[in-house]
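Let me begin by presenting the structure, written as structure tokens, before commenting on it.
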Amino acid sequence: MKTVVVGAGGISNAWLPVLKTAGVAVAGIVDLDPARAKAQAEKYALSPVISTDLKKALRTIRPDFVLDLTIPDAHCSVTCTALRAGYPVLGEKPMAQSMAQARRMVKASEDAGKLYMVSQSRRYVDVHAGLARFVASGKFGALTALNCAFYIGAHFGGFRDEMDSPLILDMAIHHFDLARMISRADPVAVYAKEFNPRGS
């Protein structure tokens, strides 16, 4: 398989080596900064087409799928462009900046008849998968409540430092998805409260 990776920022360091190990050819890297894309390609000994133009890269490369590693502001545009061009998309979380954008992305997937999915990597961490199996075994008894308290100073640099509510909008999706996996239930309502303690 071959892919076009869109976005050569920090998260590409988690994806490029995995793609290489899995035998997926990184045939193209699209980024607003060609020098950054070239540096990432060299870092992982890849030989992709480097481009700033997704549509042109798709026409040239004709990949099996597109991997969207852009900042959240760009997810809707990148995903819809790739889907409308006829390519499945695997994207990073968060899915979109708004429900309106998320609905546009789902509609683009349905209209194109192409898969769009968002990576939920925490499901595959051994301790999480093991906990889900244990709860499903029934040895624990009936699951009656599931709560999460999440504390982290998410000062990673980049887009999260500019984002309103980065824990809720970008990070808490992992916990939300783990709750779905462990409970084997889909939510009917969600409540989240964010606060910034004095001195944080």
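The values are calculated or read from the model by the stated rules, or taken from the named source; none is laboratory data. Everything numeric in this text was worked out from a predicted model, so none of it was measured. Every residue, glycine among them, receives a Cβ derived from its backbone with ideal geometry; neighbour counts consider all protein chains shown.
In the range 6-46, the residue that is farthest from residue 118 (Cα to Cα) out of those that are out of contact with any helix residue (DSSP H, G or I) (no Cβ under 7 Å at 6 or more places or on another chain) and of a type in the set (S, T, N, Q) is 21. Of everything in the range 63-91 that is surrounded by 16 or more Cβ atoms within 10 Å (Cβ to Cβ) and modelled with pLDDT under 95, the residue that is nearest to residue 164 (Cα to Cα) is 72.
Of all the numbered requirements in (1) within 20 Å of residue 169 (Cβ to Cβ); (2) in the same structural domain as residue 179 (by TED's automatic domain parsing), residue 129 misses one, and that requirement is (1).
Just to be sure before I move on: is residue 149 at pLDDT below 95 and of a type in the set (A, V, I, L, M, F, W, C) in the structure I sent? Judged against the criteria, residue 149 is a match.
Of all residues in the range 50-92, those that are over 20 Å from residue 173 (Cβ atoms) and either assigned to a loop (DSSP other than H, G, I, E, B) or in the same structural domain as residue 174 (by TED's automatic domain parsing) (or both) total 9.
Filtered by the rule that a residue be surrounded by 15 or more Cβ atoms within 10 Å (Cβ to Cβ), more than 21 Å from residue 70 (Cβ to Cβ) and β-branched (Val, Ile, Thr), the range 149-200 gives a lone residue, 182. In the set (1) modelled with pLDDT under 85; (2) in the same structural domain as residue 15 (by TED's automatic domain parsing); (3) hydrophobic (A, V, I, L, M, F, W, C), the condition left unmet by residue 167 is number (2).
Counting residues in the range 133-150 that are of a type in the set (Ser, Thr, Tyr) and closer than 25 Å to residue 170 by Cα gives zero. In the set (1) in contact (Cβ under 8 Å) with a residue 24 or more places away in the chain; (2) closer than 23 Å to residue 160 by Cα, residue 2 fails one condition alone, (2).
Comparison of 60, 52, 79 shows that the only residue that is among the β-branched types (Val, Ile, Thr) and touching a Pro at 6+ places or on another chain (Cβ under 7 Å) is 52. Scanning the range 1-60 for residues that are surrounded by 20 or more Cβ atoms within 10 Å (Cβ to Cβ) and of a type in the set (S, T, N, Q) returns 3, 12, 40, 51. Picking from residues in the range 96-148 that are touching a His at 6+ places or on another chain (Cβ under 6 Å) and in a loop (DSSP other than H, G, I, E, B), the one that is surrounded by the fewest Cβ atoms within 10 Å (Cβ to Cβ) is 148.
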